[in-house]
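A short worksheet on the structure shown next.
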Amino acid sequence: MSSRLVQLLGDTVRQQRESRDLSQQKLASLAGVSQAMVARVERGDRSPGLPLLERLLAAMDVQLTVAVEPLDAHLDATMAGLAARPIADRIDELNLDRLLDRLGDLPHVISGGTAALLQGAPIPVDATEVAIRWRDSKRFTKWLLASYGQRWNARWGEFGGVFVEPEEPGEHRWRTRYGEIRAAMCDELPDAVEVRHGDRGYRVVPLVEVEIADPRAADLLRRYRERRIRQRSAATDD
């Protein structure tokens with residue numbers, strides 16, 4: 001089984017589990033397997049056989065369906081759909097304004113995919129990304145604790161079980177009561193520009209800098225632009 005498919009199946013199990021507010025231990029108990037097995041499947045460390053996959057999904061009252069599509073067609077369809085949606089809807093879906101309001105006067109600049117979204121880029125964004133200075137890490141930690149933040153635990157493939165402080169080793173990714181937040185900790189905040197949507201302004205890393213610093217965002221934007229060029233070329237040929 002390809003590594004991409006293994007990771008896709010693992011992500012599917014994790015998304016279904018989290019949408020039901022189940023811990024890995026609870027899912028393991030329902031499916032009659034070990035918690036370590038669930039963690040390995042979700043991390044993509046193990047290629048799950050169909051019987052195991054069916055047990056995990058059945059424990060959540062869902063089942064696996066199979067379909068075929070052109071390679072990475074789901075990305076093209078997702079980005080085409082995002083391009084057609086108002087940015088205001090995507091801001092609301094991300095719960096961005098509420099999270100930023102709760103950050104209050106903590107110095108930050110919106111970065112990564114979130115900055116790209118605010119500048120009109122049709123790339124998938126599932127968490128608010130910000131740049132925060134190391135000198136403000138104690139204030140950030142205090143905010144995380146007040147917001148019931150749980151840090152991403154890469155070892156177990158779920159949130160929780162590790163210290164929330166940015167100084168502690170691990171990914172700078174937390175789930176809070178206001179949504180998921182990912183931080184790029186830095187010595188100084190990057191240069192920013194302001195973009196406005198409605199009556200609100202956002203300080204964001206310029207799109208060209210996002211593409212330099214974020215390989216995933218750069219790859220998605222390049223793919224989207226190349227597809228648009230092919231579509232225009234095909235329309236001209238017709």
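The values are calculated or read from the model by the stated rules, or taken from the named source; none is laboratory data. For clarity, every value in this text was computed on a predicted model and none was experimentally measured. Here the Cβ is made from the backbone with ideal geometry for all residues, glycine too, and neighbour counts use every protein chain on show.
Is it true that some residue in the stretch 8-15 is of a type outside the set (A, V, I, L, M), in contact with a helix residue (DSSP H, G or I) (Cβ under 7 Å, 6 or more places away or on another chain) and surrounded by 15 or more Cβ atoms within 10 Å (Cβ to Cβ)?
Quick first cut of the stretch 8-15, residues of a type outside the set (A, V, I, L, M) only: 10-12, 14-15.
Subsequent filtering for residues that are in contact with a helix residue (DSSP H, G or I) (Cβ under 7 Å, 6 or more places away or on another chain) retains 10, 14.
Going one step further and asking which of them are surrounded by 15 or more Cβ atoms within 10 Å (Cβ to Cβ), we end up with 10, 14.
Among the residues of the stretch 8-15, at least one is of a type outside the set (A, V, I, L, M), in contact with a helix residue (DSSP H, G or I) (Cβ under 7 Å, 6 or more places away or on another chain) and surrounded by 15 or more Cβ atoms within 10 Å (Cβ to Cβ), which makes the answer yes.
Among the residues in the stretch 202-209, are any surrounded by 11 or more Cβ atoms within 10 Å (Cβ to Cβ) and acidic (D, E)? Reasoning before the result, please.
If we filter the stretch 202-209 for residues that are surrounded by 11 or more Cβ atoms within 10 Å (Cβ to Cβ), which is where we start, we get 202-207, 209.
In the following step, the residues that additionally are acidic (D, E) were identified as 209.
Checking the stretch 202-209: at least one residue is surrounded by 11 or more Cβ atoms within 10 Å (Cβ to Cβ) and acidic (D, E).
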Margin query: I'd like to check something: does the stretch 110-128 contain any residue that is free of Cβ contacts under 8 Å to residues at least 12 places away in the same chain and in a helix (DSSP H, G or I)?
Written below: no
* **Any chance E188 is over 16 Å from the mean Cα position of the chain (by Cα) and modelled with pLDDT of 95 or more** => yes
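Of all residues in the stretch 168-191, which are farther than 13 Å from E129 by Cβ, in a loop (DSSP other than H, G, I, E, B) and in contact with a strand residue (DSSP E or B) (Cβ under 9 Å, 6 or more places away or on another chain)?
If we filter the stretch 168-191 for residues that are farther than 13 Å from E129 by Cβ, which is where we start, we get 168-170, 175-178, 187-189, 191.
If we keep only those that are in a loop (DSSP other than H, G, I, E, B) as well, we get 168-170, 177-178, 187-189, 191.
If the condition is that a residue be farther than 13 Å from E129 by Cβ, in a loop (DSSP other than H, G, I, E, B) and in contact with a strand residue (DSSP E or B) (Cβ under 9 Å, 6 or more places away or on another chain), then E168, G170, Y178, D187, E188, L189, D191 are the ones that fit.
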Per the filter on the stretch 88-99, residues farther than 16 Å from D126 by Cβ and of a type in the set (A, V, I, L, M, F, W, C) are A88
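Residues being assigned to a strand (DSSP E or B) and out of contact with any Phe, Trp or Tyr (no Cβ under 9 Å at 6 or more places or on another chain): count how many of those fall in the stretch 192-209. Walk me through it before giving the result.
Restricting attention to the stretch 192-209, the residues satisfying the condition of being assigned to a strand (DSSP E or B) are 193-197, 200-204.
Filter again for out of contact with any Phe, Trp or Tyr (no Cβ under 9 Å at 6 or more places or on another chain), leaving 193, 197, 200-204.
Qualifying residue count for the region: 7.
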**Study point:** So W174, is it aromatic (F, W, Y), outside the structural domain of R14 (by TED's automatic domain parsing) and touching an Asp or Glu at 6+ places or on another chain (Cβ under 6 Å)
**Key:** no
Residue pairs within 9 Å by beta carbon, gap of at least six or interchain, first lying in the stretch 163-175 and under 11 Å from L145 (Cα atoms), second loosely packed, with under 14 Cβ neighbours inside 10 Å and among the aliphatic types (A, V, I, L, M), listed first then second, are V164/L145
So, first residue in contact (Cβ under 8 Å) with a residue 40 or more places away in the chain in the stretch 18-47, second residue in a loop (DSSP other than H, G, I, E, B) and among the small types (G, A, S), Cβ within less than 7 Å, six or more apart or across chains; the pairs are A39/G157; E42/G157; R43/G157
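Hey, can you tell me all the residues within the stretch 129-161 that are among the charged types (D, E, K, R), outside any strand (DSSP E or B) and in contact with a helix residue (DSSP H, G or I) (Cβ under 9 Å, 6 or more places away or on another chain)? Don't jump to the end; show me each part of the working.
Residues of the stretch 129-161 that are among the charged types (D, E, K, R), as a first pass: 129, 133, 135-136, 138-139, 142, 151, 155, 158.
Keeping just the survivors that are outside any strand (DSSP E or B) gives 135-136, 138-139, 142, 155.
Scanning the stretch 129-161 gives a single hit, R155.
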Scanning the stretch 138-153 for residues that are small (G, A, S) and without any contact (Cβ under 8 Å) to a residue 40 or more places away in the chain, the one surrounded by the fewest Cβ atoms within 10 Å (Cβ to Cβ) turns out to be A146
Flagged in the stretch 11-54 as under 18 Å from the mean Cα position of the chain (by Cα), more than 15 Å from N153 (Cβ to Cβ) and assigned to a helix (DSSP H, G or I), in numbering order, are D11, T12, V13, Q15, Q16, S19
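If we scan the stretch 210-225, do we find a residue that is outside any strand (DSSP E or B), at pLDDT 95 or above, buried (at least 18 other Cβ atoms within 10 Å of the Cβ) and not assigned by TED's automatic domain parsing to the domain that holds Q15? Explain how you work it out, then say what you get.
Looking only at the stretch 210-225, we keep the residues that are outside any strand (DSSP E or B), and these are 210-225.
Then keep just the ones that are at pLDDT 95 or above; that gives none.
Within the stretch 210-225 (the criterion being outside any strand (DSSP E or B), at pLDDT 95 or above, buried (at least 18 other Cβ atoms within 10 Å of the Cβ) and not assigned by TED's automatic domain parsing to the domain that holds Q15), the answer is no, since none of the residues qualifies.
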